[in-house]
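The values are calculated or read from the model by the stated rules, or taken from the named source; none is laboratory data. Everything numeric in this text was worked out from a predicted model, so none of it was measured. Counting neighbours? That spans all protein chains shown, and the Cβs are built from the backbone with ideal geometry, glycine included.
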């Protein structure tokens, strides 16, 4: 798998539109932990030196960090290398996506990118690395790419052979064994006004439990519970999801509880392009976490890698000293609090299958080579017009080494609005070690909670 720096690897990698089931050849798998990182990224830096070599990422938190705090910025001393604006964007367009270029055009006076030194900070546990390197030799796609088998705990396909494998790496990436967070979702109007929606989320990541494999999790890789607590008119609405590994064999199961009706109902529409919870139609259900759910409606084409300016190490945005009113400005987030770096990303082009439907006819995903986190997405409508651009603002969590977004933003290039999901600057940070019982992730548990 030959990597061509700064360009799509069409010649060296090929653009797979079909789903291969063959395992990675041993000669390729043997590169993991050597010329490739344990997760499949190129260990070396790029030719210019702007992207450094990966040397293990963040292995210890900054001095003074205490578990439970917002995570202090380990790179607070970094200075802005340069700023991209509408005036000089042409100089950098080869390292920008169509969605990013559209943001400069849509907001020529206010949208900028402060580019900082590249820090390859992504880090995970040795157990995660070991499992990933094992998966490279055993994991396979099943059912035309709609499921995964012979994998456990780590990234299933660190050396992806097609776009379907790459998106599964994002879907099954490590986000702890459990997570509990209370966050805010906001969808400002074009003028900047908004009503925050406070959401309490809990999840059990079945695939990441000790000893779990794709064969032992009963086709369910995640259990997800989401309750709206504010504003009062929405408080008490609860969503429960059992996320299945193969959604063709067994579709996602979802239920909702409405406090006004005091009833638990099946919710088959919590998927695909149905509106997200309390999102004012500014994101779809499958845009949460940049992409979630069933991949079967799209053809996933692996275009290779490119160098790109992407949001990264978003500790400044994550800070508990930053107020939401400061960050949320008309049109887009205040870019003074965003950090962009030059990184290599996998490019996956998803096109809607003719026999299916979705409001996005095409989606182009830009996936971090060091973590398999989707960092940015360009989304197109049925006429081929660029409609929305999305960004994930990630940090490395010190208490349980992993990379995950501290927030995500979805920008509507047509109506001038945007939605941000995950804000917790004014609240508590995520916890990844809270004991949770599967018995609390059932429709019966929702009914009992409603009766109380």
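Computed values, structure above
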{"quantity": "Subset of region 182-195 (residues that are crowded, with 18+ Cβ neighbours inside 10 Å and assigned to a loop (DSSP other than H, G, I, E, B))", "calculated": "187, 188, 194"}
{"quantity": "Extreme residue, farthest from residue 340 (Cα to Cα), among residues of region 76-90 that are free of Cβ contacts under 8 Å to residues at least 12 places away in the same chain and assigned to a loop (DSSP other than H, G, I, E, B)", "calculated": "87"}
{"quantity": "Among the residues listed as 45, 77, the single one being at pLDDT 95 or above, farther than 30 Å from residue 24 by Cβ and more than 22 Å from the chain's Cα centre (by Cα)", "calculated": "77"}
{"quantity": "Index of the failed condition, residue 439 passing every other in (1) on the phi < 0 side of the Ramachandran plot; (2) within 22 Å of the chain's Cα centre (by Cα)", "calculated": "(2)"}
{"quantity": "Filtered residues of region 345-368 (kept if part of a loop (DSSP other than H, G, I, E, B) and either out of contact with any strand residue (DSSP E or B) (no Cβ under 9 Å at 6 or more places or on another chain) or buried (at least 24 other Cβ atoms within 10 Å of the Cβ) (or both))", "calculated": "354, 355, 357"}
{"quantity": "In region 230-250, the residues that are exposed (fewer than 14 other Cβ atoms within 10 Å of the Cβ) and over 21 Å from residue 423 (Cα atoms)", "calculated": "249"}
{"quantity": "Which numbered condition residue 265 fails, given (1) free of Cβ contacts under 8 Å to residues at least 24 places away in the same chain; (2) outside any strand (DSSP E or B); (3) surrounded by fewer than 21 Cβ atoms within 10 Å (Cβ to Cβ)", "calculated": "(2)"}
{"quantity": "Selection count where residues are surrounded by fewer than 18 Cβ atoms within 10 Å (Cβ to Cβ) and touching a residue at least 60 places away in the same chain (Cβ under 8 Å), scope region 26-59", "calculated": "10"}
{"quantity": "Hey, residue 96 buried (at least 19 other Cβ atoms within 10 Å of the Cβ), within 22 Å of the chain's Cα centre (by Cα), at pLDDT 95 or above and closer than 25 Å to residue 349 by Cα or not", "calculated": "yes"}
{"quantity": "Residue tally, condition under 16 Å from residue 291 (Cβ atoms) and either touching a strand residue (DSSP E or B) at 6+ places or on another chain (Cβ under 7 Å) or surrounded by fewer than 24 Cβ atoms within 10 Å (Cβ to Cβ) (or both), over region 163-181", "calculated": "10"}
{"quantity": "Residue check, residue 423 over 18 Å from residue 167 (Cβ atoms), touching a strand residue (DSSP E or B) at 6+ places or on another chain (Cβ under 8 Å) and modelled with pLDDT of 95 or more", "calculated": "yes"}
{"quantity": "Condition check for residue 288: more than 22 Å from residue 173 (Cα to Cα) and in contact (Cβ under 8 Å) with a residue 40 or more places away in the chain", "calculated": "no"}
{"quantity": "Search result, residues across region 268-295 that are more than 28 Å from residue 416 (Cβ to Cβ) and surrounded by fewer than 17 Cβ atoms within 10 Å (Cβ to Cβ)", "calculated": "268"}
{"quantity": "Residue that is nearest to residue 177 (Cα to Cα) [pool: residues in region 433-443 that are part of a loop (DSSP other than H, G, I, E, B) and modelled with pLDDT of 95 or more]", "calculated": "436"}
{"quantity": "Out of 129, 174, sole residue that is under 16 Å from the mean Cα position of the chain (by Cα) and not in a strand (DSSP E or B)", "calculated": "174"}
{"quantity": "Odd one out for residue 334, checked against (1) touching a residue at least 12 places away in the same chain (Cβ under 8 Å); (2) more than 20 Å from the chain's Cα centre (by Cα)", "calculated": "(1)"}
{"quantity": "Scan of region 143-161 for residues that are farther than 23 Å from residue 403 by Cβ and buried (at least 23 other Cβ atoms within 10 Å of the Cβ), ordered by number", "calculated": "145"}
